[in-house]
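The structure appears below as structure tokens.
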Amino acid sequence: MTGCNFIEEQKAESIIKNYYQAIKDENYEEAFEQLHLYDYDAEADESMLSAGTTLSTEEAKEFYLKKVDLLKEQNYQLKDFEIGEVEYADGHTFWHHIKLRVDLNGQEFEWTEVAEIYNEKLLIGEKDDTYGKYRDGKMNFDIEEENISF
């Protein structure tokens, strides 16, 4: 059983590295390819993880790049990341803790978040980085109505 988990952890780390390195390199199209995309129902404050997104791939990419544009406007740049410990909820379900070093308009911050694999794609979970929603897989919500406190 440990061997199976090790292989799954290695697969997850590979996807995680690809995503964060793409964000660091500002290769947002590559980052987009790594993400599990899902719709968000703001009224119910509910993420539709298992349903995914109703957007087409092109619409989802356009939406993602629009979110990223908001980050660029604020001079948000991932400077470095570190994949930390693996945490298990049971003998099978696990996630990685990620440490981020971010430059936001000339000021440096250190934030943490968790990342796991969901349907062979990256799902970013709990995060200290309030700007993380502009680079994660959350789709189909009204960006203009979001309280952007940059």
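A short reminder: the numbers here are calculations on the coordinates, not readings from a lab. Since the model is a prediction, treat every value here as computed from it, not as a measurement. Here the Cβ is made from the backbone with ideal geometry for all residues, glycine too, and neighbour counts use every protein chain on show.
What the table below lists for this structure:
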read-out: Exposure proxy order (Cβ contacts within 10 Å, fewest to most) of M48, M139; value: M48, M139
read-out: Linear extension gain, L104 paired with K11, 0.36 nm per residue minus alpha-carbon span; value: 30.4 nm
read-out: Inter-probe distance in nm under a simple model that places probes 7 Å from Cα toward Cβ, at E29 and V114; value: 3.4 nm
read-out: Cα-based helix-to-principal-axis angle, 2-24 vs the chain, degrees rounded to 10; value: 20 degrees
read-out: Rounded to 10°, Cα long-axis angle of helix 57-73 versus longest principal axis of the chain; value: 70 degrees
read-out: Global form of the range 36-122, assessed from the alpha-carbon gyration tensor, a/c cut-off 1.5; value: oblate
read-out: Protection-proxy order for peptides 31-41, 57-67, each taking the mean of Cβ atoms within 10 Å per residue, highest first; value: 31-41, 57-67
read-out: Cα centroid separation - the range 67-88 against the range 29-52, whole Å; value: 17 Å
read-out: Rough spin-label spacing in nm, given labels placed 7 Å along Cα→Cβ, for Y88 and A51; value: 3.4 nm
read-out: Mean projected area (nm²) of the alpha-carbon convex hull when the chain is viewed from all directions; value: 9.0 nm²
